[in-house]
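Q: Structure below; questions to follow.
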Amino acid sequence: MLDIINRLFGYVISFCNKIVGNQYILALFVFAVIIEVLLLPFGIKQQKNSIKQAKMRPKEMAIRKKYAGRDDQPTKQKMTQEIQELYQKEGFNPMAGCLPLLIQFPIIIILYNIVLNPLRYICGLSADTITQMVPVVNSFGYSFSATSVATRNVDMMSAIRNILSTDPNAFSGIAGFNIGLEDLPNLMIFGNANLDLGIQPAFNTAAGRWLLWVPVLTFLVSFASMKLNRKLSYQPTTADDPAMGCSNKMMDWTMPLMSVFITFGVPAAIGVYWIFKSIIGVIKQWILKKAMPLPVFTEEDYKAAEKEMNVRPDKAPKNKSGRVVRSLHHIDDEDFEDTRERAIKHREALEAQEAAEAEQKKNAKSNSLLGGATLKQDDKPAQAEKKAKKQAEREETNKDGE
């Protein structure tokens, strides 16, 4: 099944390669455009989901205001539960926006297989034909292994191109070989041998060092595209949810850094596609925002939402049933008339108990110190008496000796 999908995508890239005059870098750009067009329905659905979430913003802010200033865990859980219930009532799925991102990773994997095996998936040669080509290529002074070429023949592309440019009939005796020089994808960027998209960026080769620009550009474009996409799409407020702001900042760095890590371990064509995909993705999001703008709310809209959600501006908010909503840990009992006196007495009793315990600990420590000092003073006469007794015993012993 995977091989069939690889072949299908390979035919698409082969078509793109032909319409751009066998310039592989331009073929990758056209391929990225085609992929974004195919994913456009998911982008439209994601934008509709963002609009639906944006429309709920006044009500969500009203719920957050209802529980503002209450940091105990049960109250936070209650607030989260009410927001989730609001999402379910409005038919909003927070995870719906993840689908386009999840689809991109299989495409990267498929493209990786195609880039590694252009003879099989772009040129359409069978595995047996590719294996039979290895001895012919090696007869021109190269040294490729038939075992490695079976899974990665991109390294042999430059050699095949050089051979066909000098001897077009070099592979004519191999069954199934039905391609010419014009059918081979030109992996060199505009004919520059130091910019071969089939080579991995590296520090230890001249061509690899030139291609180090690919991971650098991948990072910069990925970082910028994430920032721009966030501005072009709806983002929940981070003022009331600091964890969301922290998560966004982390994603701004981790995703671009991950792209750099990946592009160092794969042929440069993968990084180039990643760059094109990020740029085209920003353009697509800008078009969607213009065609399907997000709603804008006024202060009156927020007040209307607070009224609908029965949120009062003072410290005594109520739910729809008219019941006062309080902290489940009673941390705000002093804010209400019916519980203020009892809450104050309870707090004063706790403070008095803490003060008494502190005073008790202080006295115990002081008594301990004084007791130690008294003990030392009482020991002095006993020690002097013991010393005098020993001295008398020594004198008596001396007399007996005389």
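Q: Would you check if F105 is assigned by TED's automatic domain parsing to the domain that holds A268 and modelled with pLDDT under 85?
A: So F105 passes the test.
Q: Only one of these conditions is not met by T151: (1) closer than 18 Å to P267 by Cα; (2) part of a helix (DSSP H, G or I). Which number is it?
A: Only one criterion in (1) closer than 18 Å to P267 by Cα; (2) part of a helix (DSSP H, G or I) is unmet by T151, namely (2).
Q: With respect to F9, determine if the residue is among the hydrophobic types (A, V, I, L, M, F, W, C) and more than 29 Å from K289 (Cβ to Cβ).
A: Considered against the rule, which asks whether it is among the hydrophobic types (A, V, I, L, M, F, W, C) and more than 29 Å from K289 (Cβ to Cβ), F9 comes out as yes.
Q: Check the stretch 20-43 and report whether any residue there is assigned by TED's automatic domain parsing to the domain that holds A268, surrounded by 14 or more Cβ atoms within 10 Å (Cβ to Cβ), without any contact (Cβ under 8 Å) to a residue 24 or more places away in the chain and touching a Leu at 6+ places or on another chain (Cβ under 6 Å).
A: Looking for residues that are assigned by TED's automatic domain parsing to the domain that holds A268, surrounded by 14 or more Cβ atoms within 10 Å (Cβ to Cβ), without any contact (Cβ under 8 Å) to a residue 24 or more places away in the chain and touching a Leu at 6+ places or on another chain (Cβ under 6 Å), one finds at least one in the stretch 20-43, hence yes.
Q: Moving to a separate point now. Take Y121 and tell me if it is crowded, with 17+ Cβ neighbours inside 10 Å, modelled with pLDDT of 85 or more and either among the aromatic types (F, W, Y) or closer than 22 Å to L195 by Cα (or both).
A: Against the criterion (crowded, with 17+ Cβ neighbours inside 10 Å, modelled with pLDDT of 85 or more and either among the aromatic types (F, W, Y) or closer than 22 Å to L195 by Cα (or both)), Y121 qualifies.
Q: Find the helices (runs of 4 or more DSSP H) located wholly in the stretch 30-121 whose residues include 1 or more that are over 19 Å from W274 (Cβ atoms), polar (S, T, N, Q) and over 27 Å from the mean Cα position of the chain (by Cα), and list them.
A: Here the list reads 73-90.
Q: Check K48, K66 and return the single one that is buried (at least 18 other Cβ atoms within 10 Å of the Cβ) and in the same structural domain as S259 (by TED's automatic domain parsing).
A: Sole residue among the options that is buried (at least 18 other Cβ atoms within 10 Å of the Cβ) and in the same structural domain as S259 (by TED's automatic domain parsing): K66.
Q: To continue, here is another question. Any idea which of F177, F105, F140 is of a type outside the set (A, V, I, L, M), surrounded by fewer than 16 Cβ atoms within 10 Å (Cβ to Cβ) and over 19 Å from L2 (Cα atoms)?
A: From the options F177, F105, F140, the qualifying one is F140.
Q: Of these, S158, S172, which one is of a type in the set (S, T, Y), more than 36 Å from the chain's Cα centre (by Cα) and more than 13 Å from Y24 (Cβ to Cβ)?
A: S172
Q: Looking only at the stretch 255-272, which residues are in a helix (DSSP H, G or I) and aliphatic (A, V, I, L, M)?
A: M255, L257, M258, V260, I262, A268, A269, I270, V272
Q: Being of a type in the set (G, A, S) and closer than 21 Å to K48 by Cα is the requirement here; does G281 meet it?
A: yes
The values are calculated or read from the model by the stated rules, or taken from the named source; none is laboratory data. Note that the structure is a prediction, hence the values are computed from the model and not measured. We place every Cβ from the backbone using ideal geometry, glycine too, and count neighbours over all the protein chains shown.
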